[in-house]
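Down below is the structure, laid out as structure tokens.
The values are calculated or read from the model by the stated rules, or taken from the named source; none is laboratory data. Keep in mind the model is a prediction, meaning the values are calculated, not measured. Cβ placement follows ideal geometry from the backbone for every residue including glycine, while neighbour counts extend to all protein chains displayed. For accessibility, only protein heavy atoms count, side chains too; no ligands or nucleic acids. Shrake-Rupley method; radii C 1.70, N 1.55, O 1.52, S 1.80 Å.
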Amino acid sequence: MKKILIIVPAFNEAENISRVIHRLYDENRDWDILVINDASEDNTSRLARDTGKITAVIDLPFNLGIGGCVQTGFRYARDNGYDITLQFDGDGQHNAEEIRKLLDLVISGEADVAIGSRFSEKHDGFKSSVYRRIGIRIFEWFSFMLIRQRITDHTSGFRAYNRKAIKFLADYYPSDYPEPEVVILLGRNGFRIRETFTQMHERQGGVSSIPLSKGPYYMIKVMLAMFMSSIRSKTYRNE
Amino acid sequence: MNKEVSLIAQNIQTTQYIAIAVSLGLFLYILYLVRKKKIKEEYSLLWLFSSIVFIFFSIWRDGLEYFAKLVGIAYPPAALFLILMLAIFLILIEFSIIISRHSEETKILAQEIALLKNRIEMSESGKKAQNTIRKDDLGDVEPVDEPVG
């Protein structure tokens, strides 16, 4: 039986955190749930503990951002001997029923990393504008140039990793634009990445983090970061 | 005409004195800071090195003129600015390197502290669990049929 850890990064998620934890717990009770509280200003940590259904809450002393936050989870997973970790965002945009799909890809050995993609199939689940689709295409082409693997959704945080990837990412987790950079970093170091289509909920309240006017600027920054990741020398040492 | 030339020459002389005084002052100030441990030795090297270069060129003006000619600068003091800017660039790049290293180290520290806090929390609650009465602790306690009091 594989030891599985669900990493839930949370920053000011008091509204969603208990619901997210209950959903995960109801889905499968064998999974260990780890909440990483990225120095929230609200009572995210308290609420997570109060559910009584989680393995641990890690409270970071100050805000590290999503990269440093998730990396803490990888360190925990490495030190506690987990075989597989799955990142599941604390804001409730991921579907607990779809976790199995990602885990299966990793458990079967088909992939070192499985990514839940919003764009790998033509569904209407995630409304996207023409501009957005163009952006997605550009990313897909750009990362294919760098790592020769087809990835459609670089910004998805819904991912499962095997032990090899856990050990690698515990030491080398990027912090600027972690999701796309991790794809490149892993691809360059010979990890096999597979995608599977997953539905994602629209953000509840608030607006997209990337306004249309800033889209091209964002893309250039991310592509630069991806390129930088790719020119770093291969870091993985076989143990 | 002659008077004017000599006036300029005198001005250049004054400028040189100022340049020597300033770069010497800079050098001594850095030394002082290192001595007082306000700057660590490893971070002072680039400062000391560049202030020595400034002193060197402000004393040996022919050297500056030679250098200016070498890189094709018509006005020798402009060459001094070039050297100055290069030195500042180098120092700033070194700062960026140090800042990046520190932020990486701070991040790792924060993560390790958080993980350790969790371990302490776990072992404390584990101890509590051990402190609660276990079956074998009750070996020499007479069972009470009715609640006392």
Exercise for the section: Return the residue satisfying two criteria in turn: it lies in segment A:81-97 and is open to solvent by 20 Å² or more (accessible area, probe 1.4 Å) and modelled with pLDDT under 95, and of such residues it is farthest from residue A:200 (Cα to Cα). Expected result: A:81
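Okay, residues lined up against (1) at the interface with chain B (Cβ under 9 Å from one of its Cβ atoms); (2) among the acidic types (Asp, Glu):
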{"site": "A:35", "(1), (2)": "no, no"}
{"site": "A:41", "(1), (2)": "no, yes"}
{"site": "A:49", "(1), (2)": "no, no"}
{"site": "A:57", "(1), (2)": "yes, no"}
{"site": "A:66", "(1), (2)": "no, no"}
{"site": "A:79", "(1), (2)": "yes, yes"}
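Table: residues versus (1) under 15 Å from the mean Cα position of the chain (by Cα); (2) open to solvent by less than 70 Å² (accessible area, probe 1.4 Å); (3) free of Cβ contacts under 8 Å to residues at least 24 places away in the same chain.
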| site | (1), (2), (3) |
| --- | --- |
| A:111 | no, yes, no |
| A:120 | no, yes, no |
| A:129 | no, yes, no |
| A:134 | no, no, yes |
| A:146 | no, yes, no |
| A:162 | yes, yes, no |
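Are any residues in segment B:29-49 open to solvent by 100 Å² or more (accessible area, probe 1.4 Å) and either in contact (Cβ under 8 Å) with a residue 60 or more places away in the chain or farther than 13 Å from residue B:98 by Cβ (or both), and if so, which ones?
Scanning segment B:29-49 gives B:29, B:32, B:35, B:36, B:37, B:38, B:41, B:49.
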Practice task
Please tell me if residue B:79 is surrounded by 17 or more Cβ atoms within 10 Å (Cβ to Cβ) and within 28 Å of the chain's Cα centre (by Cα).
Solution key: yes
Problem - Selection count, segment B:85-117, where residues are open to solvent by 50 Å² or more (accessible area, probe 1.4 Å) and in contact with a helix residue (DSSP H, G or I) (Cβ under 7 Å, 6 or more places away or on another chain) - result: 1
Fill in the blank from the handout: Taking first residues from segment A:28-57 that are closer than 18 Å to residue A:69 by Cβ and charged (D, E, K, R) and second residues anywhere that are part of a loop (DSSP other than H, G, I, E, B) and open to solvent by 20 Å² or more (accessible area, probe 1.4 Å), the pairs with Cβ under 7 Å that are 6 or more apart or on different chains are A:32/A:55; A:38/A:11; A:38/A:63; A:38/A:64; A:41/A:12; A:42/A:12; A:42/A:14
Fill in the blank from the handout: Those residues of segment A:164-199 that are part of a loop (DSSP other than H, G, I, E, B) and buried (at least 20 other Cβ atoms within 10 Å of the Cβ) come to a total of 5
Exercise for the section: Would you mind telling me which numbered condition in (1) at pLDDT below 90; (2) over 30 Å from residue A:49 (Cβ atoms); (3) not in a helix (DSSP H, G or I) residue B:38 fails? Expected result: (1)
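Can residue B:70 be described as open to solvent by 50 Å² or more (accessible area, probe 1.4 Å) and over 26 Å from residue B:17 (Cβ atoms)?
Taking the combined requirement at face value, the residue does not satisfy it.
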Fill in the blank from the handout: Residues in segment B:5-28 that are open to solvent by less than 50 Å² (accessible area, probe 1.4 Å) and of a type in the set (Ser, Thr, Tyr) total 1
Practice task
Kindly indicate whether any position in segment B:89-104 is touching a residue at least 24 places away in the same chain (Cβ under 8 Å), out of contact with any Ser or Thr (no Cβ under 8 Å at 6 or more places or on another chain), among the small types (Gly, Ala, Ser) and in a helix (DSSP H, G or I).
Solution key: no
Problem - Of the criteria (1) open to solvent by 40 Å² or more (accessible area, probe 1.4 Å); (2) facing another protein chain (nearest Cβ under 10 Å); (3) touching a residue at least 24 places away in the same chain (Cβ under 8 Å); (4) under 26 Å from residue B:104 (Cβ atoms), which one residue A:62 fails - result: (3)
Problem - Long-range neighbours under 8 Å by Cβ, at least six apart or interchain, first residue within 13 Å of another protein chain (Cβ to nearest Cβ) within segment A:164-177, second part of a loop (DSSP other than H, G, I, E, B) and surrounded by 17 or more Cβ atoms within 10 Å (Cβ to Cβ) - result: A:175/A:64
Practice task
List the number of the failed condition for residue A:114; all other conditions in (1) part of a helix (DSSP H, G or I); (2) small (Gly, Ala, Ser); (3) closer than 30 Å to residue B:119 by Cα hold.
Solution key: (1)
